[in-house]
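Everything on this sheet refers to the single structure shown next.
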Amino acid sequence: MDTTRYDVVVIGGGAAGLSAATTLGRALRSVLVIDSGTPRNAPAAGVHGYLTRDGVNPWELRSIGRTEVLSYGGTVIDGEAISARRTTDGFEVVLADARRFSGRRLLVTTGLTDELPPIDGLREQWGKGVVHCPYCHGWEIRGQRIGVLGTGPLSVHQALLFRQWSGDITLFLNGTVEPTDAEWDKLAARSVRVVDGAVASVDAVDGVLTGITLRQGTSFDLQAVAVGTSMEARSALLESLGLTSQAHPSGAGR
């Protein structure tokens, strides 16, 4: 059992947690970062829209961040925090390997996970031929034949956003999207093709995405697929403190 008591224990060693720990170190606070090593952006080849680090590999960014935390006297350990409890003077955190750490304050930066629809081949292409955010990935797939896989009401908005990066956008309703009259007008005005029918698979050859096939057998030649994920909070640690997650008003997750 570790008997060291920190000013702040940070759960989550991604960009948010490491940034917070660096600032706390600069403020002369003793800080511990506990990192499970499962960042949300792990499947991505690079981080984009991050000033001075555009295109950097997510694991390299994590390594740079850890070095900065250590340079200000912080501590970073690998481990999975599974529960936390309030104590008379702060919090105690328990790891999966039974180690325990205490802190006057607790900062949880475990973030979200992306839940993908159960479609053959989709997960295998996640972070490669399958993307989700036009501002994160639009530049890389600009001008390509892009399919937007319908997952709910926000898929129309996603298709219209990606239209900025390509003139060849196809929205697959996939039995989950029912555009309003106003949305149909917007799709038509932006020359976004719309395909009805449930999607059976995201197809690839030698690891390279080639298109989408519907359950009724029709295939479409594509170079990239965009999909809106259901974003779920990594809330197990918070739940151990009696907190619960709430559904997001947009319906995109909780």
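What follows is calculated from the coordinates using simple rules that are stated; it is not laboratory data. Being a predicted model, the structure only gives us computed values, none of them experimental. So basically every Cβ, Gly included, is an ideal-geometry build from the backbone, and we count neighbours across all protein chains shown.
Identify, among SER201, PRO179, LEU28, the residue whose Cα sits farthest towards the positive end of the charge dipole of the chain, taking +1 on the Cβ of Lys and Arg and -1 on the Cβ of Asp and Glu, with the dipole about the Cα centre.
LEU28
May I ask you to work out the translational diffusion coefficient for region 106-254 at 25 °C, viscosity 0.890 mPa s, via Stokes-Einstein with Rh from the Kirkwood sum over Cα pairs, reported in whole µm²/s?
For the chosen part, D equals 151 µm²/s.
Relative contact order for the chain: what is it in percent, counting Cα pairs under 8 Å that are at least 6 residues apart?
19 percent
Quick one: 3J(HN,Hα) in Hz for region 11-16, Karplus 6.51/-1.76/1.60 with θ = phi - 60°, rounded, Gly and Pro as x.
9, x, x, x, 4, 5
Across region 126-136, in residue order, what do the Karplus-derived ³J(HN,Hα) couplings come to in whole Hz, using 6.51 cos²θ - 1.76 cosθ + 1.60 with θ = phi - 60° and x for Gly and Pro?
Residue by residue, region 126-136 yields 4, x, 10, x, 10, 10, 9, 10, x, 6, 8 Hz.
Over what distance in Å are the Cα centres of region 122-183 and region 185-254 separated?
Region 122-183 and region 185-254 have Cα centres separated by 8 Å.
Taking only the alpha carbons of the chain, what extent do you get along each of the three principal axes, in Å, biggest first?
Cα spread of the chain along its principal axes, largest to smallest: 62, 37, 34 Å.
Can you tell me the FRET efficiency between ARG85 and ILE64 if r is taken as the Cβ-Cβ distance and R0 is 35 Å, rounded to the nearest 0.05?
My answer for the efficiency is 0.60.
Hey, with R₀ at 35 Å, roughly what FRET efficiency would ALA96 and ARG53 work out to, going by the Cβ-Cβ distance, to 0.05?
My answer for the efficiency is 0.70.
Starting from the exponent 0.38 and prefactor 2.2 Å, build the expected Rg for region 109-185 from its residue count and divide its actual Cα Rg by it.
The reported ratio for this selection is 1.14.
In deg cm²/dmol and to the nearest 500, what is the mean residue ellipticity at 222 nm of the chain if only DSSP H runs of at least 4 residues count, each as -39500 (n - 2.57), divided by the residue total?
-6000 deg cm²/dmol
With a point put 7 Å past each Cα toward its Cβ, work out how far GLU178 is from ARG5 in nm, to one decimal.
5.9 nm
Would you mind checking the tilt of helix 58-71 against the longest principal axis of the Cα atoms of the chain, expressed as 0 to 90 degrees and rounded to 10?
20 degrees
Would you mind putting 35-43, 127-135 in packing order, based on average other-beta-carbon counts within 10 Å, highest first?
For the peptides 35-43, 127-135, the packing ranking is 127-135, 35-43.
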